[in-house]
């Protein structure tokens, strides 16, 4: 298992989406889908953003995923931000589904439009033949 898979395991354990992970770290969307390993610069960014993540585990796979327990400071602001982030993730998923549906509708309408153009052309040819 490479570093990327361990990152995916970690964010699954934390219960956050890849999108949220990218937001937190500032790393580019999709980089987790591009291979098994990443550079040390990205590892450093990730370790700096997640205090409870064990650098040894991330880099080598040895030891425990989490460092010794670090109490999470939960405040109303943090809870609100987490709710907002969760809602954003839900809205993004909904928008992605809507985009897929719209693309299907566009394709269907293009096919219908093409058929109507063909019918109109055939009707014009038939009318010209009747006139001549």
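The values are calculated or read from the model by the stated rules, or taken from the named source; none is laboratory data. Keep in mind that this is a model prediction, so the values were computed, not measured. With ideal geometry, Cβ positions are generated from the backbone for all residues, glycine too; neighbour counts draw on all protein chains shown.
Listed conditions (1) surrounded by fewer than 18 Cβ atoms within 10 Å (Cβ to Cβ); (2) within 25 Å of residue 82 (Cβ to Cβ) are all met by residue 50, apart from (1). Of the residues screened, residue 78 is not one that is within 21 Å of the chain's Cα centre (by Cα) and within 30 Å of residue 90 (Cβ to Cβ).
Listed here are the residues, each with its yes/no results for (1) assigned to a helix (DSSP H, G or I); (2) in contact (Cβ under 8 Å) with a residue 12 or more places away in the chain.
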{"residue": "28", "(1), (2)": "no, no"}
{"residue": "37", "(1), (2)": "no, yes"}
{"residue": "51", "(1), (2)": "no, yes"}
{"residue": "68", "(1), (2)": "no, no"}
{"residue": "84", "(1), (2)": "yes, no"}
{"residue": "114", "(1), (2)": "yes, no"}
{"residue": "127", "(1), (2)": "yes, no"}
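Scoring residue 43 on the criteria (1) farther than 15 Å from residue 89 by Cα; (2) free of Cβ contacts under 8 Å to residues at least 12 places away in the same chain leaves a single failure, condition (2).
Can you find a residue in the stretch 1-9 that is at pLDDT below 90, surrounded by 10 or more Cβ atoms within 10 Å (Cβ to Cβ) and in a loop (DSSP other than H, G, I, E, B)? Yes, there is a match, as at least one residue in the stretch 1-9 is at pLDDT below 90, surrounded by 10 or more Cβ atoms within 10 Å (Cβ to Cβ) and in a loop (DSSP other than H, G, I, E, B).
Scan the stretch 56-87 for residues that are at pLDDT 90 or above and not assigned by TED's automatic domain parsing to the domain that holds residue 8 and the total you get is 5. Going through the stretch 28-41 one residue at a time, which ones are over 16 Å from residue 54 (Cβ atoms) and at pLDDT below 90? Of everything in the stretch 28-41, those that are over 16 Å from residue 54 (Cβ atoms) and at pLDDT below 90 turn out to be 28, 29, 30, 31, 32, 33, 34, 35, 36, 37, 38, 39. Are any residues in the stretch 32-41 in contact with a helix residue (DSSP H, G or I) (Cβ under 9 Å, 6 or more places away or on another chain) and either assigned by TED's automatic domain parsing to the domain that holds residue 84 or surrounded by fewer than 16 Cβ atoms within 10 Å (Cβ to Cβ) (or both), and if so, which ones? Correct list: 33, 34, 35, 36, 37, 40.
Select from the stretch 42-55 the residues that are within 18 Å of residue 13 (Cβ to Cβ) and out of contact with any helix residue (DSSP H, G or I) (no Cβ under 8 Å at 6 or more places or on another chain) and write down the one among them that is modelled with the highest pLDDT. This residue is 54.
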